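Colleague: Once you've had a glance at the structure underneath, I'll fire off some questions.
The values are calculated or read from the model by the stated rules, or taken from the named source; none is laboratory data. Worth saying up front: this structure is predicted, and the values here are computed from it rather than measured. Every residue, glycine as well, gets a Cβ built from its backbone with ideal geometry; the counts of neighbours run over all protein chains shown. For the accessible areas, the whole protein counts, side chains as well, though only heavy atoms, and no ligand, DNA or RNA atoms are used. Shrake-Rupley method; radii C 1.70, N 1.55, O 1.52, S 1.80 Å.
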Amino acid sequence: MKPLLIALFGVASASPAIGGDATAFQSQPSVLSKVIDSLNEAKIDHLTPKIYEDDGRSYSYYVQSATWLGTLVRGEEEFLLATATFMRSKAKGGEQAMARSHGFLLCLSKDFKLLHHCRLDPGAVLDGDKLVREGKVIADFSADDEATRTRGYLIDGSDFLPYPFSNEER
């Protein structure tokens, strides 16, 4: 019986990530406020809303939008995915320096602690274990090859989201 249990455990840990979309039941229904709280708690400069001075002008940097994508599950491990788009305002009282937005993919623990992030343009949705924008797959979270475990997931062909799952050899 023990060899069978060990074999089953080995198969479970080798399974690909399963994605749960944003419409799945949530035991914490205020997910967006928890995502935004996690950004403030992380104290990462480019993920923290603030007012700042640059060249004698005041700017605000704020969360323009946040989107709940869903969950990634592999065996006993579960991670939450969301996006946040930040806006840097125009200068206070002037038209100098155009407003700019910056988008990020966020990977959080089940208790909404920010674990990893990377750049991501808006418009992505989680479809099973794939991140998709306008019908095009921009990340495949079922990948667990050595390169993915080492570098992370290539997101939208331009940035890497660190691999959140246990990095155990199988």
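Colleague: Here are Thr23, Thr71, Thr85: which of them is of a type in the set (Ser, Thr, Tyr) and at pLDDT 95 or above?
Modeller: Working: Thr23 fails: at pLDDT 95 or above; Thr71 fails: at pLDDT 95 or above.
So the residue among Thr23, Thr71, Thr85 that is of a type in the set (Ser, Thr, Tyr) and at pLDDT 95 or above is Thr85.
Colleague: Another question about this same structure. May I ask you to list pairs of residues, at least six apart or on different chains, whose Cβ atoms are under 9 Å apart, with the first in segment 56-73 being touching a residue at least 60 places away in the same chain (Cβ under 8 Å) and the second being in a strand (DSSP E or B) and open to solvent by 30 Å² or more (accessible area, probe 1.4 Å)?
Modeller: Matching pairs, first to second residue: Leu69/Asp21; Leu69/Val125; Leu72/Ile18; Leu72/Glu78.
Colleague: Looking at (1) within 10 Å of the chain's Cα centre (by Cα); (2) open to solvent by 30 Å² or more (accessible area, probe 1.4 Å), can you tell me which one Ala82 breaks?
Modeller: The failed condition is (2).
Colleague: Quick check on segment 123-143: of everything there that is among the aliphatic types (A, V, I, L, M) and part of a loop (DSSP other than H, G, I, E, B), which residue is surrounded by the fewest Cβ atoms within 10 Å (Cβ to Cβ)?
Modeller: Just the residues of segment 123-143 that are among the aliphatic types (A, V, I, L, M), to begin with: 124-126, 131-132, 137-139, 143.
After this cut, where a residue has to be part of a loop (DSSP other than H, G, I, E, B) as well, the list is 124, 143.
On the way: Ala124: 23, Ala143: 16.
Looking at the filtered set, the residue picked out is Ala143.
Colleague: Moving on. Which one is modelled with the lowest pLDDT, of the residues in segment 102-112 that are of a type outside the set (Phe, Trp, Tyr) and under 17 Å from Pro49 (Cα atoms)? Can you show your working first?
Modeller: From segment 102-112, those of a type outside the set (Phe, Trp, Tyr) are 102-103, 105-111; that's our starting set.
Pick out the ones that are also under 17 Å from Pro49 (Cα atoms) and you get 102-103, 105-106.
On the way: His102: 90, Gly103: 96, Leu105: 98, Leu106: 98.
Across segment 102-112, the extreme among qualifying residues is His102.
Colleague: Working only within segment 81-122, note down all residues that are part of a strand (DSSP E or B) and without any contact (Cβ under 8 Å) to a residue 40 or more places away in the chain. Steps first, please.
Modeller: As a first pass, look at segment 81-122 and keep what is part of a strand (DSSP E or B): 81-88, 100-108, 114-119.
The answer is Thr85, Met87, Arg88, Arg100, Ser101, Gly103.
Colleague: Considering segment 150-162 alone, what residues qualify as being surrounded by 17 or more Cβ atoms within 10 Å (Cβ to Cβ) and modelled with pLDDT under 95?
Modeller: Within segment 150-162, the first condition is being surrounded by 17 or more Cβ atoms within 10 Å (Cβ to Cβ), and the residues that meet it are 152-156, 161.
Of everything in segment 150-162, just one residue is surrounded by 17 or more Cβ atoms within 10 Å (Cβ to Cβ) and modelled with pLDDT under 95, namely Asp156.
Colleague: Among (1) in contact with a helix residue (DSSP H, G or I) (Cβ under 9 Å, 6 or more places away or on another chain); (2) buried (at least 17 other Cβ atoms within 10 Å of the Cβ); (3) outside any strand (DSSP E or B), there is one condition Ser166 misses while meeting the rest; what is its number?
Modeller: Exception for Ser166: condition (2).
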